[in-house]
Structures are given as structure tokens and as C-alpha cells.
Amino acid sequence: MKPREIFYILSFAVLALITLISFIWSPIVWSLVFFGPVIIIGYYDAFQKKQSIKRNFPVIGHFRYILEEMRPEIMQYFVETDTEGRPINRIFRSLIYQRAKKAIDTTPFGTQLDVYEAGYEWMEHLVYAKNSSELEKSPRILIGGSNCKQPYSASILNISAMSFGSLSQNAVLSMNKGVKLGGFAQNTGEGGISPYHLQHGGDLIWQIGTGYFGCRDNGGNFHSESFK
């Protein structure tokens, strides 16, 4: 028996049942308000010739088109991962939204992208110079204008801010020895200068802008004498 024939039989049965019960219990007539439109839609689907799915599956066939309409949202919110979207995945879309709203757009601790995938591109620096003569040509920039009493010739590549408190004694000692050998500088981080920063005599950038370390008094306020 075809689906359309089943629908015809069920629709007649429902109409007959509603009509019978309505004579016994009049509130049931209100059920016709629901079943009536469904049956009308079913008959329309069965006799229309534009869409074969609705013709072969009256009423039920509408769910196919409803799901098709919902498919992009289902894929976007429930199926698609953050890296699968095309032409722009959700990671990049979120980045664009965050920057447009001037929100924080940095994400720590790695990436969701497969860095071993064929076609993944990245840039990396050389661990060793190609030849020793290049070390003598390392680019530097002069800090301090004509009125500066102690201008400093700084390397354009230095060790960024990492405080002793978030590293360790050996880490600070190793980095400061490295800057001494390499001719660049080490930022002390917000923890201020520790004895380990001074042991090897490497150049230091004293970070005093954050934290209650460095040039502060006991109340945590800026202390000009300590700074001097």
C-alpha cells in the first residue's frame, strides 16, 4: 500500500471518529480545528504535481523542506568544528568579530589548527647564524636623542618581560648569560631586578610600569629615590 493511500484511509478514519465523538461529547469538535487543516494540507499535497516528495508523502513531506531550511544553522552550531568552515572558519570569524568590537582577540596556549597538515604554512627563525660574520652585522637601534647623556645602542631582538617569580633562578641566570654573550638585553619583568639578573652582567631593561616591586615604598606607591 502506498503512503498516499495510507494517508487517505487515516484521514477518513480521523474525520469519521471526530464526527462520531462530536455528537457524544461536543468539546471534541475543537479537535477538528487542529486535524482539519492537517487533512486539507494532506489532500493538497496529494493532488499537486510540482513536488514529488509532498505528493508521495503528504504532510510528512513538509518536514524534509523544514529540515533543509534549518540545515545551515544545524551545520554551523552543532556539526561544524571551529576549523572546518568554508571559506572562512569560525576561528577567523570570531577574530574579526572581536577586533570589530575592540575586544581581546588573543588566545593563549597553542592553536586548534593541525600544524602537521599538508599545506600548513609558518615562519621560523634560524637557531644559528649562517656564518659568524653575520653576528657582527646584527641590526641595532640607538635609544636617546642628541640631548641624551647616556644613549644606548640596543639590539632589535631582546628577551621580553619574564619575571624571576614566574621562572626560576637557573632560568634567569641562563638568559642573562645569553644576553651577555649575544650582545642584547633582558627585560626583568614586573618582579623587578633579582640578584640573578646581575650575576653575569648582561644588559637589563628594568620594568617598573606594573606590580608593586622595583621603585615602590612600603605602601606600594612610586618611590622616586629608589627609582633614582
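The values are calculated or read from the model by the stated rules, or taken from the named source; none is laboratory data. From a predicted model like this one, the values you see are computed outputs, not experimental measurements. Note that each Cβ is placed from the backbone with ideal geometry, even for glycine, and that neighbours are counted across all protein chains shown.
Sort through 219, 191 and tell me the only one that's at pLDDT below 90 and under 36 Å from the mean Cα position of the chain (by Cα).
Within the list 219, 191, the selection yields 191.
For the subset of region 156-180 comprising residues that are surrounded by 13 or more Cβ atoms within 10 Å (Cβ to Cβ) and among the small types (Gly, Ala, Ser), which member is nearest to residue 203 (Cα to Cα)?
By that ranking, first place goes to 178.
Just name the residue that is farthest from residue 197 (Cα to Cα) out of those in region 137-164 that are hydrophobic (A, V, I, L, M, F, W, C) and in contact with an Asp or Glu (Cβ under 9 Å, 6 or more places away or on another chain). If you could, list the steps in order and put the result at the bottom.
Filtering region 137-164 down to residues hydrophobic (A, V, I, L, M, F, W, C) leaves 141-143, 148, 154, 156-157, 159, 161-162, 164.
Checking which are in contact with an Asp or Glu (Cβ under 9 Å, 6 or more places away or on another chain) leaves us with 154, 161.
Details: 154: 18, 161: 12 Å.
Only one residue tops the list, namely 154.
So residue 192 passes all but one of these: (1) assigned to a strand (DSSP E or B); (2) out of contact with any Asp or Glu (no Cβ under 9 Å at 6 or more places or on another chain). Which condition number does it fail?
Of the numbered conditions (1) assigned to a strand (DSSP E or B); (2) out of contact with any Asp or Glu (no Cβ under 9 Å at 6 or more places or on another chain), the odd one out for residue 192 is (1).
Of all residues being hydroxyl-bearing (Ser, Thr, Tyr) and not in a helix (DSSP H, G or I) in region 64-112, which is surrounded by the fewest Cβ atoms within 10 Å (Cβ to Cβ)? Just the residue, please.
Among them, the one singled out is 106.
Could you give me the residue pairs with C-beta distances under 9 Å whose first residue belongs to region 99-125 and is under 17 Å from residue 84 (Cα atoms), whose second residue is among the charged types (D, E, K, R) and in a loop (DSSP other than H, G, I, E, B) wherever it lies, and which are 6+ apart or on separate chains?
Here the result reads 112/82; 120/114, each pair linking region 99-125 to a residue that is among the charged types (D, E, K, R) and in a loop (DSSP other than H, G, I, E, B).
Do you know which of the residues in region 79-128 that are of a type in the set (Lys, Arg) and over 30 Å from residue 157 (Cα atoms) is modelled with the highest pLDDT?
It comes out as 101.
Anything in region 194-211 that is modelled with pLDDT under 80 and surrounded by fewer than 12 Cβ atoms within 10 Å (Cβ to Cβ)? List them, or say none.
Scanning region 194-211 gives a single hit, 209.
Output yes when any residue across region 37-60 is of a type in the set (Val, Ile, Thr), closer than 30 Å to residue 111 by Cα and either modelled with pLDDT of 85 or more or surrounded by fewer than 14 Cβ atoms within 10 Å (Cβ to Cβ) (or both), and no when none is.
No: region 37-60 contains no residue that is of a type in the set (Val, Ile, Thr), closer than 30 Å to residue 111 by Cα and either modelled with pLDDT of 85 or more or surrounded by fewer than 14 Cβ atoms within 10 Å (Cβ to Cβ) (or both).
Quick one: residue 148 ticks every box in (1) over 27 Å from residue 188 (Cβ atoms); (2) part of a loop (DSSP other than H, G, I, E, B) except a single one, so which number is it?
(1)
Could you give every pair whose Cβ atoms fall below 6 Å, whose first residue belongs to region 190-209 and is β-branched (Val, Ile, Thr), and whose second residue is not in a loop (DSSP other than H, G, I, E, B), counting only separations of at least 6 or pairs across chains?
Taking only residues 6 or more apart or on different chains, the pairs are 205/185; 205/187.
Looking at (1) surrounded by fewer than 17 Cβ atoms within 10 Å (Cβ to Cβ); (2) in a strand (DSSP E or B); (3) in contact (Cβ under 8 Å) with a residue 24 or more places away in the chain, which is the one condition that is false for residue 153?
Status for residue 153: all satisfied but (3).
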